[in-house]
Amino acid sequence: MITVIGSINMDIVVETAVFPKQGETVFGQAFHTVPGGKGANQAVAIARLGSDVHMVGAVGQDAFGHELRTILQQEKIDDTYVRTTTTATGIANITLFDKDNRIIVVPGANADVTRESIDAARALIAKSDLVVMQLEIPQHTVEYALTICEEVGTRVLLNPAPAENFKAAWMERVAYFTPNETECADIFGVDVESALERFPNQLIVTLGAEGARYYDGEKHVVVKGFKTTPVDTTGAGDTFNGALAYALTKNETLAHAVEFANVAASLSVEKFGAQGGMPQKDAVLKRLGGAQ
Ligand code: RIB
């Protein structure tokens, strides 16, 4: 059983062939509203793979909040600890341009994930095999959740996105830490190799389409990504994190868990929307079976 503590957003997505300059107006090609938020995305990724998932978060008492809660329920994610607050539901303004995305998050109700939210879920956290967190909820709430996880003896996988909310002292408090290359450089201020060597089997750096890497205490391990043709890379990192969490709670080795997560992420980018392409376990196993 996995508990995800994190953000729930509505993604407001615009597809454009031209990225406007400052002060310029251009025409875009398409507009969508789709479910997102790094917390909810990771919870959906885990649930689709077949784990029992519980979400701790917050939405507003507006149409987006209602829709996002319904989606969590449809994905069979327990939403008992998702509060409804008077703040507007969080949104992410996403521009899809040149096969990549630019994202601005307005946290809204995600800022209402508080110490009280964590206290309410304490017994659930204690029963969980793993707690998964990101950094789109308040920094002090993440810090408090780390304290509660320590008190009840539950391991934490922390995906430090966005990295600006990270505190270096947290490294001693997490079992797994999964920045991308940019986040790794921002957080540690050294090259990836040096950072990895400081945290063997704990720091896993994602490399986008190139896969992911970690240091096993003796050597650097690069687990290559599965080559595919992406439709939308939004949520690929969340799929990786969700699948990694899933595999680690099934007692897979880190090498196998990273390979499984890479393949899940490769499937996720083949469809539109952060959650649109997140795979079921069978699809991952099928592709893994054929992986080079
Ligand atoms: O990681 C992708 C997610 O980041 C999007 O779904 C968006 O909501 C932002 O949180």
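Taken together, the values in this text are just the output of simple stated rules run on the coordinates, not laboratory data. Quick caveat, the model's predicted, so the values are computed rather than measured. So basically every Cβ, Gly included, is an ideal-geometry build from the backbone, and we count neighbours across all protein chains shown.
With Cα atoms as the point set, segment 88-244 shows a radius of gyration and Dmax of 16.3, 49 Å.
Comparing mean-square fluctuations of LYS224, LYS127, LYS99 from a GNM of the chain with C-alpha springs under 10 Å, the top value falls on LYS99. By DSSP, the beta bridges lying fully in the chain are antiparallel in about 40 percent of cases.
Each Lys and Arg adds +1 at its Cβ and each Asp and Glu adds -1 at its Cβ; summed about the Cα centre, segment 140-203 shows a dipole of about 220 debye.
Applying 1/(1 + (r/R0)^6) with R0 = 41 Å to the Cβ-Cβ distance of GLU252 and THR16 gives a FRET efficiency near 0.55. Around the amide H of VAL82, modelled in the peptide plane, lie the amide H atoms of GLY57, all under 5 Å away and 5 or more residues distant in sequence or on another chain. Taking the charge dipole of segment 55-212 about its Cα centre, with +1 at Lys and Arg Cβ atoms and -1 at Asp and Glu Cβ atoms, the residue from PRO200, PRO138, GLY153 reaching farthest to the positive side is GLY153.
Scanning the chain for DSSP H helices at least 18 Å long along the axis (C-alpha atoms) with a Kyte-Doolittle mean no lower than 0.0 picks out 139-152, 236-249, 254-268. Once you wrap a convex hull around the alpha carbon atoms of the chain, what is its projected area averaged over all directions, in nm²? That works out to 15.0 nm², a quarter of the Cα hull's surface.
Using unit Cβ charges (K, R positive; D, E negative) and no other charged atoms, how large, in debye to the nearest 20, is the dipole of the chain about its Cα centre?
Details: 24 positive and 36 negative charges, 113 e Å.
Using Cβ point charges on Lys, Arg, Asp and Glu, the chain gives about 540 debye.
Taking amide hydrogens as placed 1.01 Å from N in the peptide plane, the amide H of ASP52 sits under 5 Å from those of ILE2, each at least 5 positions away in sequence or on another chain.
Given Cα pairs under 8 Å that are at least 6 residues apart, what percent is the relative contact order of segment 145-292?
Once normalised by length, the contact order is 15 percent.
For segment 67-183, relative contact order (Cα pairs under 8 Å, six or more residues apart, normalised by length) works out to 18 percent.
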